[in-house]
Amino acid sequence: MRSEWIVLFSVALACSAAAVQAKELKANDRYVCSWGAGTAARAQELKLSGVSLYAARQKLHSYKFSKSWMHMMAMGITEQTYDSHSKAKPAAVRQSFLDGCLKYKSAQR
């Protein structure tokens, strides 16, 4: 009986710690993750429609980004998306990227 309580207490503690970590994310971290997820989804959409990586890069060069770091990050995300053999829908790629990014940002804290 005592070991069951210890397990339940450990699970409850872990859940509350995860909830606290999720709340600790800064708005900027959430923005970066959301922006990156959208970029990955657009790249997947281009890839699935048959647009070459070269053409996708050219599209990125024509975009005006609001932050200086966005262009290079968009290039990296696009290249990684094209390197993947995934045929997942863009919405699934967006969600996967967002979940992974938020988990990574939470782990950094």
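The values are calculated or read from the model by the stated rules, or taken from the named source; none is laboratory data. Predicted, not measured: the structure shown is a model, and the values here were computed from it. Positions of Cβ are generated from backbone atoms using ideal geometry, with glycine treated the same way; all protein chains shown enter the neighbour counts.
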Quick check: anything in the stretch 77-100 under 18 Å from residue 26 (Cβ atoms), exposed (fewer than 13 other Cβ atoms within 10 Å of the Cβ) and out of contact with any strand residue (DSSP E or B) (no Cβ under 9 Å at 6 or more places or on another chain)? yes
In the stretch 52-76, anything basic (Lys, Arg) and surrounded by 12 or more Cβ atoms within 10 Å (Cβ to Cβ) is listed as 57, 59
The residue from 92, 74 that alone is in contact with a helix residue (DSSP H, G or I) (Cβ under 8 Å, 6 or more places away or on another chain), part of a helix (DSSP H, G or I) and of a type outside the set (Ser, Thr, Tyr) is 74
Pairs returned, first residue in the stretch 33-60 that is in contact (Cβ under 8 Å) with a residue 24 or more places away in the chain and among the charged types (D, E, K, R), second residue that is surrounded by 15 or more Cβ atoms within 10 Å (Cβ to Cβ) and in a helix (DSSP H, G or I), beta-carbon separation under 7 angstrom, 6 or more apart or interchain, are 45/90; 47/81; 47/82
Exception for residue 51 within (1) at pLDDT below 95; (2) not in a helix (DSSP H, G or I) falls at (1)
*asked:* Residues that are over 15 Å from residue 102 (Cβ atoms) and either modelled with pLDDT under 95 or polar (S, T, N, Q) (or both): does the stretch 26-34 have at least one?
replied: no
